[in-house]
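The values are calculated or read from the model by the stated rules, or taken from the named source; none is laboratory data. The structure presented is a predicted model; accordingly, all values stated were derived computationally and were not measured. All Cβ positions, glycine included, derive from the backbone under ideal geometry; neighbour counts span all protein chains shown. We work out accessible area using only protein heavy atoms, side chains counted, and drop any ligands, DNA or RNA first. Shrake-Rupley method; radii C 1.70, N 1.55, O 1.52, S 1.80 Å.
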Amino acid sequence: MGKVENIREGFYYSDGVNLLEITGNVPGRVDTYYAMNEAGEEVRIKKDKLYKIKLDEDWLSRLNIELGKEIYKDSNIALTLKKSGASFHLEINNLKEGAVKRKMTLTVDELQNQVNMIAGSMPKIR
């Protein structure tokens, strides 16, 4: 688990034991955040205590994403997640030009960020 650099609301991280969803900043403290744990309790946590979560098949099922199936599609772009060895690749298919870009995705927050930038919404636990 790597240290977190940029923290955003709605993204999932870990404190080393628990799963946390960031809900906002603590006013007046730039390095402290509010988060919801899996029990639905609000907790405060400092930035240096947050870790990235490694992306795996279990996380994909929690985010309701199937390998090889489209995550997002509109008239211009289609997003598909594929596995390549131990890593995952987000395929960005430009439907107008026929070009395909691949971005390696290793953590849950990377996947959320990349999908959010293109689709305007993030994968969430269902």
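A few points about this structure:
- Computed [θ] at 222 nm, deg cm²/dmol, the chain (DSSP H ≥ 4; -39,500 (n - 2.57); rounded to nearest 500): -4000 deg cm²/dmol
- For the chain, accessible area per residue (1.4 Å probe, heavy atoms of protein chains only), Å²: 59
- Extension gain, residue 58 to residue 91: 0.36 nm times the residue separation minus the Cα-Cα distance gives 9.9 nm.
- Gaussian network model of the chain, springs between alpha carbon atoms under 10 Å - residue of 56, 15, 31 with greatest fluctuation: 31
- Rounded to the nearest 10 degrees, the inclination of helix 108-119 to the longest alpha-carbon principal axis of the chain is 50 degrees.
- On the range 1-51, 45 percent of the accessible area sits on carbon and sulfur atoms, based on a 1.4 Å probe.
- Summed residue charge, Cβ within 9 Å of residue 107's Cβ, Lys/Arg positive, Asp/Glu negative: 0
- Inter-probe distance in nm under a simple model that places probes 7 Å from Cα toward Cβ, at residue 37 and residue 77: 3.6
- When the GluC sites (Glu not before Pro) in the range 46-126 are filtered for DSSP coil states and for at most 10 other beta-carbon atoms within 10 Å of their beta-carbon, the remaining sites are 97.
- For the chain, diffusion coefficient by Stokes-Einstein and Kirkwood Rh (Cα), 10 °C, 1.306 mPa s, µm²/s: 103
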